[in-house]
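The values are calculated or read from the model by the stated rules, or taken from the named source; none is laboratory data. Just so you know, these numbers come straight off a predicted model, no measurement behind them. Methodologically, a virtual Cβ is constructed for each residue, glycine included, from the backbone with ideal geometry; neighbour enumeration extends over all protein chains shown.
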Amino acid sequence: MNDFNDYITEIRQELDKDHEVREELLSISRKAIQHSSLAIRHLHRNELEKAEGIIRENFNLISRVNQLAKKLDPTPFGTVLSANQEYTEAVLLFSFLKKQPFPSYKDLNVPYLAYLHGIPDFAGELRRVVLDSLRKDKDIELTLAAFDLMDELYSLLVTIDYPDGLTYNLRKKTDFVRNLTEKTRGDITLALNRKDLIKTLNIILSDHLSGNKKES
């Protein structure tokens, strides 16, 4: 009986340590997620320098998150997975807008699973780039580059053919990217057709006005 008392005391001590680690882990993970969201907001405002500073600061937070996570479980879970994948999303978007090479999961010091889950989220940000460019009617090259990358990312994601239990249901997010890509393809086609129609109408109107002037 005394042995069990000793065992439970030891377990409580271990649980106390794990509880402290978990509380710190959750706190830093939330902070890292906020940093990633803020960086993405700056990127969409074309405030690249501000975003870069936040991303660099977030590297230290993510490193600490993963260091703490290893003390509890080597597999990313819950908030830890979210923090890592949103960090991945922010860095990939930054790299795209800066036309820099995309980093690997090892470069980012994130678990490969979090990196995989960050890719579909990155595809969603690329759609936003496309829609913003179409709405502002500028930089068609950026629009097409973003769409081509979305299409390429989907082609790569479908090759990850493993059980859902191993990939945390990545297949569901891959299907999301497929739908997003097709929807974006339609948006671009519609916008370009509208642009061509406006151009044609302007030509017709110009010719019509020129004809009226000659008749006068």
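Filter the range 165-183 for residues that are charged (D, E, K, R) and over 16 Å from Ser82 (Cβ atoms) and give the result.
Arg171, Asp175, Arg178, Glu182, Lys183
For the range 65-91, how many residues are surrounded by fewer than 15 Cβ atoms within 10 Å (Cβ to Cβ) and of a type in the set (Val, Ile, Thr)? Walk me through it before giving the result.
Our first condition is that a residue be surrounded by fewer than 15 Cβ atoms within 10 Å (Cβ to Cβ); within the range 65-91, this holds for 67, 70-75, 77-78.
Restricting the remaining residues to those that are of a type in the set (Val, Ile, Thr) gives 75.
Number satisfying all stated conditions: 1.
Pick from the range 92-103 the residues that are in contact (Cβ under 8 Å) with a residue 40 or more places away in the chain and surrounded by 16 or more Cβ atoms within 10 Å (Cβ to Cβ): which of them is farthest from the chain's Cα centre (by Cα)?
In the first step, residues of the range 92-103 are kept if they are in contact (Cβ under 8 Å) with a residue 40 or more places away in the chain; the result is 93-94, 96-98.
Checking the rest, the ones that are also surrounded by 16 or more Cβ atoms within 10 Å (Cβ to Cβ) come to 93-94, 96-97.
Numbers: Leu93: 7, Phe94: 10, Phe96: 11, Leu97: 13 Å.
For the range 92-103, the residue satisfying everything is Leu97.
So Ile62 ticks every box in (1) surrounded by fewer than 22 Cβ atoms within 10 Å (Cβ to Cβ); (2) modelled with pLDDT of 95 or more; (3) more than 23 Å from Phe176 (Cα to Cα); (4) not aromatic (Phe, Trp, Tyr) but one. Which box is left unticked?
(1)
Do we have any residue at all in the range 207-215 that's of a type in the set (A, V, I, L, M, F, W, C) and either modelled with pLDDT under 80 or surrounded by fewer than 10 Cβ atoms within 10 Å (Cβ to Cβ) (or both)? Can you show your working first?
Pass one, the range 207-215, residues of a type in the set (A, V, I, L, M, F, W, C): 209.
Narrowing the set further to residues that are either modelled with pLDDT under 80 or surrounded by fewer than 10 Cβ atoms within 10 Å (Cβ to Cβ) (or both) leaves 209.
Yes, the range 207-215 contains a residue that is of a type in the set (A, V, I, L, M, F, W, C) and either modelled with pLDDT under 80 or surrounded by fewer than 10 Cβ atoms within 10 Å (Cβ to Cβ) (or both).
Which of the helices (runs of 4 or more DSSP H) contained wholly in the range 104-179 include at least 1 residues that are under 13 Å from the mean Cα position of the chain (by Cα) and within 27 Å of Ala32 (Cα to Cα)?
Correct list: 112-136, 140-157.
Condition first: under 20 Å from the mean Cα position of the chain (by Cα), in contact (Cβ under 8 Å) with a residue 24 or more places away in the chain and in a helix (DSSP H, G or I). Can you find one or more residues in the range 22-29 that meet it?
There is at least one residue in the range 22-29 that is under 20 Å from the mean Cα position of the chain (by Cα), in contact (Cβ under 8 Å) with a residue 24 or more places away in the chain and in a helix (DSSP H, G or I).
Among the residues of the range 19-43, count how many are surrounded by 15 or more Cβ atoms within 10 Å (Cβ to Cβ) and either among the polar types (S, T, N, Q) or within 24 Å of Arg127 (Cα to Cα) (or both).
Looking only at that region, the number is 11.
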